[in-house]
Amino acid sequence: MSSRNENTEKKIIIVGAGIAAIAAARELYKGHDHHFDLKILEASHRAGGRVLSTVTDGIPVDLGATFIHGTTNENVIYELAKQFGQVSGSGDWRPMWNESTMSVMLTNGELVPNETVIECWDKFLTLADEGQAVLDSETPLWANQYNDMYTFLAAEYPTLLGKDSCTMEVLKSHYYRGLFKCLIKFQAVVEGDTECRSTAIQGKFYDLPGIRDYRFGSGYSFGCFVKKLLEDLPKDTILYGREVVSINTESNPTTVKCKNGDQFEADHVIVTIPLGVLKRRCLDENLISNESPLFVPPLPVEKLKAIRELGFGCMGKMTLKFDQEITTKCKFNPLLILWRQEDEDDPIIKQKFPWATEFVQLERIYNSNLYETWMDASMITSIENASDDEIAGAFSYILGKMFQHPVPKPVGVYRHGWSSDPLFYGAYTADLAGVDTSACISTLEQPLYDNRLLFAGEATSVDFYSTIHGAYWTGIREASRIKQTM
Ligand SMILES: Cc1cc2nc3c(=O)[nH]c(=O)nc-3n(C[C@H](O)[C@H](O)[C@H](O)COP(=O)(O)OP(=O)(O)OC[C@H]3O[C@@H](n4cnc5c(N)ncnc54)[C@H](O)[C@@H]3O)c2cc1C
């Protein structure tokens, strides 16, 4: 099978059908007389990639990207969402976590004053931001003292709390341990890390102005957003079930082969597959014996080095459906869970679901019977291996123990195994301590062979890696590069 069409001037293949690919295709079609033949080859049977939504009880639930980071006209995603009429309400997620809606509870059911926790949390975030400033200044002293975010925060946070008589009390309190664990886990989720043990101080995806974490209003999700984006693409642009196994630039035009035997020729190939897959399919040490590398010839050494050095982190989101609202004395937006050592040592938890002690938050979605929780990288493998029933049992046990009354098992568990999915092998690019992330990304994004092979996707955005807007812009960038050659 060949995609050559006698009337087309150029043949363009985009590998992967995530946000970057869709953006590239939209940009190519925009204001152009379409003298090209464009196909997007997607391994799975759906578009969106790390945007993945499901609908339950009529409510869209995002299992991948959820937030728009930055809500001004500088953010292309926010602007498009506005055009699509998908922006409603304030959408500002963080302030929703205020004293009147959130509860902070120790695992024995004891409530901790919200006001104090919010103050401590603000200080924690300020410290993380300060850490970034120090990191950016490249002070060697800092680099020698703290190798990673965890070490920095563990050392500096008590000092910061101790400066203030109010928060000094927290430092001395019986819940400090649980609180610090909770805050670290939140930060680790953002960075796609395990307890912030390997990442540098802060990722760089909060740079855009406006609301920092905008959540689509009730009735909308990133899945709805992708659906709208796709409406502007000609039907049949995306070919599903086409896992690309070889991109051969030795021939001209380039030959792109799929696992199902389909073969395409292209003047330009834009590769948007996730960094996790590039690591797996390009680095000799990760190839399974007899498996050929994705690129023929192999990518240049400096590109392989960038792929090797860049971090690709993991986190997960999970939504639990109960058959009724969970009733208890406390509110749920969110419920922060502070683990006590003795509850982590509970024999039932230790024996049946030791991974459950890593859950530190639960949030009710839109006053429904759906509750969302997040996972940092430390628990991803165990959770991906656990059955829905085990997860439901763990939550019923832990919440029942905290609330001191039986909590029924959730009737639905919605999640996606991003780290084990061979089309992703993780969640997003992570800023590893000791790695010059910007330099690596700058290398990765460079086109090769006179623009015959181009690279897009979140991992190729120097400023906004790991985000939806970053991915989108890289698609526009590479499409523009091709347009300049037409
Ligand atoms: C759990 C989670 C939560 C997130 N939360 C947020 C958030 O709140 N806000 C935010 O801005 N960002 C968030 N992100 C990050 C955001 O989702 C990504 O940065 C963005 O979606 C990446 O888009 P992309 O086009 O670069 O790659 P992808 O969306 O990964 O698209 C790549 C596509 O390539 C396909 N593919 C893989 N291998 C092959 C192959 N060999 N042949 C053909 N096709 C292939 C994949 O199936 C996929 O469809 C989150 C990500 C995850 C996983």
Quick test for you: out of 10, 39, pick the one residue that is over 21 Å from residue 220 (Cα atoms), surrounded by fewer than 24 Cβ atoms within 10 Å (Cβ to Cβ) and at pLDDT 95 or above. 39
Would you check if there is a residue in segment 294-302 being in a loop (DSSP other than H, G, I, E, B), over 30 Å from residue 187 (Cβ atoms), without any contact (Cβ under 8 Å) to a residue 24 or more places away in the chain and more than 11 Å from the ligand (Cβ to nearest atom)? yes
Lone qualifier among 279, 317 - being of a type outside the set (Val, Ile, Thr), within 16 Å of the ligand (Cβ to nearest atom), at pLDDT 95 or above and within 30 Å of residue 373 (Cα to Cα): 279
Do we have residue 288 as in a loop (DSSP other than H, G, I, E, B), hydrophobic (A, V, I, L, M, F, W, C) and near the ligand (Cβ under 10 Å from one of its atoms) here? no
Search result, residues across segment 441-463 that are surrounded by 24 or more Cβ atoms within 10 Å (Cβ to Cβ) and of a type outside the set (A, V, I, L, M): 455, 457, 458, 460, 461
Number of the exception - residue 334 against (1) modelled with pLDDT of 90 or more; (2) surrounded by 21 or more Cβ atoms within 10 Å (Cβ to Cβ); (3) closer than 24 Å to residue 176 by Cα: (1)
Report yes if residue 281 is over 28 Å from residue 485 (Cβ atoms) and either buried (at least 17 other Cβ atoms within 10 Å of the Cβ) or assigned by TED's automatic domain parsing to the domain that holds residue 69 (or both), otherwise no. no
Can you tell which of 231, 250 is exposed (fewer than 15 other Cβ atoms within 10 Å of the Cβ), away from the ligand (no atom under 15 Å from the Cβ) and closer than 23 Å to residue 468 by Cβ? 231
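Yes/no per residue for (1) of a type outside the set (D, E, K, R); (2) touching a strand residue (DSSP E or B) at 6+ places or on another chain (Cβ under 7 Å); (3) surrounded by 17 or more Cβ atoms within 10 Å (Cβ to Cβ):
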{"site": "367", "(1), (2), (3)": "yes, no, no"}
{"site": "384", "(1), (2), (3)": "no, no, yes"}
{"site": "408", "(1), (2), (3)": "yes, no, no"}
{"site": "418", "(1), (2), (3)": "yes, yes, yes"}
{"site": "434", "(1), (2), (3)": "yes, no, no"}
{"site": "439", "(1), (2), (3)": "yes, no, no"}
Subset of segment 42-76, residues buried (at least 17 other Cβ atoms within 10 Å of the Cβ), more than 16 Å from the chain's Cα centre (by Cα) and in a strand (DSSP E or B), comes to 59, 60
Is it the case that residue 214 is more than 10 Å from the ligand (Cβ to nearest atom) and crowded, with 18+ Cβ neighbours inside 10 Å? no
Mind listing whichever residues of segment 345-365 are surrounded by 16 or more Cβ atoms within 10 Å (Cβ to Cβ) and either assigned to a loop (DSSP other than H, G, I, E, B) or in contact (Cβ under 8 Å) with a residue 60 or more places away in the chain (or both)? 346, 353, 358, 359, 360, 361, 365
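Within segment 60-84, take every residue that is farther than 17 Å from residue 464 by Cβ and not aliphatic (A, V, I, L, M) and give me the one that is farthest from the ligand (Cβ to nearest atom).
From segment 60-84, those farther than 17 Å from residue 464 by Cβ are 60-63, 82-84; that's our starting set.
With not aliphatic (A, V, I, L, M) added as a condition, the list becomes 60, 62, 82-84.
On the way: 60: 14, 62: 8, 82: 16, 83: 18, 84: 16 Å.
Result: 83.
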Residue check, residue 170 modelled with pLDDT of 80 or more and either in contact with an Asp or Glu (Cβ under 6 Å, 6 or more places away or on another chain) or assigned by TED's automatic domain parsing to the domain that holds residue 358 (or both): no
Checked against (1) crowded, with 16+ Cβ neighbours inside 10 Å; (2) at pLDDT 95 or above, residue 342 satisfies every condition except (1)
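The values are calculated or read from the model by the stated rules, or taken from the named source; none is laboratory data. Keep in mind that this is a model prediction, so the values were computed, not measured. Note: ideal-geometry Cβ built from the backbone for every residue, glycine included; neighbour counts use all protein chains shown.
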